[in-house]
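I have placed the structure first, in the form of structure tokens, so that the comments after it can refer back to it.
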Amino acid sequence: MADEFLTIGAFARAARLSPKALRLYDDVGLLRPAAVDADSGYRYYAPAQLDRARLVAWLRRIDMPLARIKEVCDLPGAELAAAIGEHMAHAEAEFAARRRLAGFLTDHLTGKGTTMSDTHPLGLRFAAGSEIGQVRDNHQDLAYAGSTLLAVADGSGPAGDRAAAAAVDVFRSLPATGDLLGTLTAAVRDADAAVLALGADSDERPITTLTALLWSGTRIGVAHIGDTRAYLVRGGELSRFTDDHSYVQGLVDAGELSAADAVTHPQRPLLVRALGAAAEADVAVRTAVQDDRYLLCSDGLWAVVPAGRIAEVLTAGHDPQETVRLLIEEAMRAGAPDNIACVVADVVPL
């Protein structure tokens, strides 16, 4: 290789970056190598690329997402400075929101918050909706809402729509009483078996994600597998209480990728757990609080509509039906590259 090029290791040391970071920047089109060896695939960089690499590193240190860095790093100095100021203002607002939520949770966990009691029974007011989107030619997302069950499933592969329906059908018949954890654990096994049965005669088997909430008056049982999501609005603040079972979430958990960057990562849809693959689901029980609002959705919504905008729609004061319509409208406006499914439910006095 010509002397004017640096190996990826030498360039990483000069830029104070890791080779892993440089490979990621190459994957997302932010910092391409100057040359790539045709036989080994080894990357080489030009010394003139150091300024850009260092700028990227500085912007990453203030937690600017890679997609945003790609948009702004070629701007003139004054415009880039303005973009940095905008990013920091947004980051400070998010931190303030997290601090308020932390205070609310602290009060709740120490008994200062208000939870429901058996003398003031609560119920759900709910709505569900789904759309095929603007790119896909098949619809494999499913949204279901009933008096005791809320569920969203996102099927994949041949008969993915049937896989999603089979999983939700198992949960629709569950009793919303007794041992919620045991009930949900058994239901996950049954749903997994139902999805496996759909591909018994084929080399290509369908799978499906599932996020389900089983309502039991004072408690909410949660069963979750895959990258459909469940969110809670409490005290005016939006929080997510499911973890994606995906390859990129593993990178986030390991500290190798930020949550903001995970949304635009080229391998974001790659799942590590799903029904139909004999995989374990997350099962938990939550306490219901009056005026809570729940959102269940597929990645057709959360991957294209920013969390801040989702929070704005959820807290705008609309009833669940109108909120579902507005959320789907937001996804459609963002291009709707995937199927969309969502459920919105409010905890209300009976």
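The values are calculated or read from the model by the stated rules, or taken from the named source; none is laboratory data. Just so it is clear, the model here is predicted, and its values are computed rather than measured. Cβ atoms come from the backbone with ideal geometry, glycine included; neighbour counts cover every protein chain shown.
Of the residues that sit in region 41-61 and are among the aliphatic types (A, V, I, L, M) and more than 15 Å from Ala21 (Cβ to Cβ), which one is surrounded by the most Cβ atoms within 10 Å (Cβ to Cβ)? Let's see the steps before the verdict.
Going through region 41-61, the residues among the aliphatic types (A, V, I, L, M) turn out to be 46, 48, 50, 53, 55-57, 59.
Next cut, more than 15 Å from Ala21 (Cβ to Cβ) only: 46, 48.
On the way: Ala46: 14, Ala48: 9.
Per the stated criteria, the residue is Ala46.
Okay, residues lined up against (1) touching a helix residue (DSSP H, G or I) at 6+ places or on another chain (Cβ under 6 Å); (2) closer than 20 Å to Val248 by Cβ; (3) part of a helix (DSSP H, G or I):
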position	(1), (2), (3)
Ala12	yes, no, yes
Lys70	no, yes, yes
Leu75	no, no, no
Ala91	no, no, yes
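Determine, yes or no, whether Leu124 is hydrophobic (A, V, I, L, M, F, W, C), crowded, with 21+ Cβ neighbours inside 10 Å and at pLDDT below 95. Answer is yes for this residue.
Among the residues of region 232-247, is any assigned to a helix (DSSP H, G or I), touching a residue at least 24 places away in the same chain (Cβ under 8 Å) and either out of contact with any Lys or Arg (no Cβ under 6 Å at 6 or more places or on another chain) or crowded, with 19+ Cβ neighbours inside 10 Å (or both)?
Looking only at region 232-247, we keep the residues that are assigned to a helix (DSSP H, G or I), and these are 247.
Going one step further and asking which of them are touching a residue at least 24 places away in the same chain (Cβ under 8 Å), we end up with 247.
With the extra rule that they be either out of contact with any Lys or Arg (no Cβ under 6 Å at 6 or more places or on another chain) or crowded, with 19+ Cβ neighbours inside 10 Å (or both), the set shrinks to 247.
Yes, that holds for at least one residue.
Does Gly155 satisfy being assigned by TED's automatic domain parsing to the domain that holds Arg205 and either surrounded by fewer than 16 Cβ atoms within 10 Å (Cβ to Cβ) or out of contact with any strand residue (DSSP E or B) (no Cβ under 6 Å at 6 or more places or on another chain) (or both)? So that I can check it myself, show each step before the final result.
Working: assigned by TED's automatic domain parsing to the domain that holds Arg205: yes; either surrounded by fewer than 16 Cβ atoms within 10 Å (Cβ to Cβ) or out of contact with any strand residue (DSSP E or B) (no Cβ under 6 Å at 6 or more places or on another chain) (or both): no.
No: the conditions fail for Gly155.
The rows are residues; the columns are (1) in contact with a strand residue (DSSP E or B) (Cβ under 7 Å, 6 or more places away or on another chain); (2) modelled with pLDDT of 90 or more.
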site	(1), (2)
Gly236	no, yes
Leu251	no, no
Ala259	no, no
Leu275	yes, yes
Tyr294	yes, yes
Ala303	no, yes
Thr315	yes, yes
Ile340	yes, yes
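Pull up region 14-40, narrow it to residues that are within 25 Å of the chain's Cα centre (by Cα) and part of a loop (DSSP other than H, G, I, E, B), then point me to the one that is surrounded by the most Cβ atoms within 10 Å (Cβ to Cβ). By that ranking, first place goes to Leu30.
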